[in-house]
Amino acid sequence: MATKNPKQILDEFLGGLNEFGAKAPQQTKAFMNLLDACYKEGALSTKTKELISVAIGAYNRCEYCIVFHVYKALEAGATPEEIIEAAMVAVAFGGGPSMAYTVSLVKDSIDAFAPQFKK
């Protein structure tokens with residue numbers, strides 16, 4: 001379970017990406033290009049793709065994934081309610097462990113980031 005707050009986790013992840021990008025620029029650039037291609041608007045909106053990513057992160061119990069994709073979902077216009085509903089789909093598949101991450105880190109990430117995306 002997360003011992004840091006969501007903002008610390010997000011900063012650690014983004015800092016790590018930058019640092020790793022300097023050490024393995026070709027691979028990091030290729031990964032980032034894949035992400036750019038996958039999250040572009042298409043048959044599914046970017047918001048929908050980010051909600052899917054929140055659910056996958058909760059299912060896989062990936063702290064960095066949860067925090068990053070909650071932030072990106074909010075940035076893409078998702079509401080806290082939509083994020084919670086997406087995470088609860090993960091709980092339907094992942095049971096107790098997914099619920100633990102949903103009621104803690106997903107909730108804490110929404111609380112930490114949602115105020116900066118209020119309209």
Assign one of three labels to the range 33-89, namely rounded, prolate or oblate, based on the Cα gyration tensor with a ≥ b ≥ c the square roots of its eigenvalues; rounded applies when a/c is under 1.5, prolate when it is not and a/b is larger than b/c, and oblate otherwise. oblate
Considering the values [x] 9.8; [y] 15.3; [z] 7.6, which represents mean projected area of the Cα convex hull in nm² as calculated for the structure under consideration? [z]
Which of the lysines could a cross-linker span from residue 29 if the Cα-Cα distance has to be under 20 Å and same-chain partners fewer than 8 positions apart are dropped? 40, 72
Can you work out the Karplus-derived ³J(HN,Hα) for every residue in the range 36-51? Use 6.51 cos²θ - 1.76 cosθ + 1.60 with θ = phi - 60°, whole Hz, and x for glycine or proline. 4, 5, 6, 9, 5, 4, x, 4, 10, 6, 4, 4, 4, 5, 5, 5
Got a sec to turn the phi values of the range 57-67 into Karplus ³J(HN,Hα) couplings, 6.51 cos²θ - 1.76 cosθ + 1.60 with θ = phi - 60°, whole Hz, x for Gly and Pro? x, 5, 4, 7, 6, 9, 4, 5, 5, 4, 4
Classify the range 1-55 as rounded, prolate or oblate from the Cα gyration tensor: take a ≥ b ≥ c as the square roots of its eigenvalues, call it rounded if a/c is under 1.5, otherwise prolate when a/b beats b/c and oblate if not. oblate
Note, ³J(HN,Hα) from phi for the range 72-87, Karplus 6.51, -1.76, 1.60, rounded to Hz, x at Gly and Pro: 5, 5, 4, 4, 7, x, 5, 8, x, 5, 5, 5, 4, 4, 4, 5
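Computed from the coordinates by the stated procedures, all read-outs in this text should not be read as laboratory data. Keep in mind it's a predicted model, so treat the numbers as computed, not measured.
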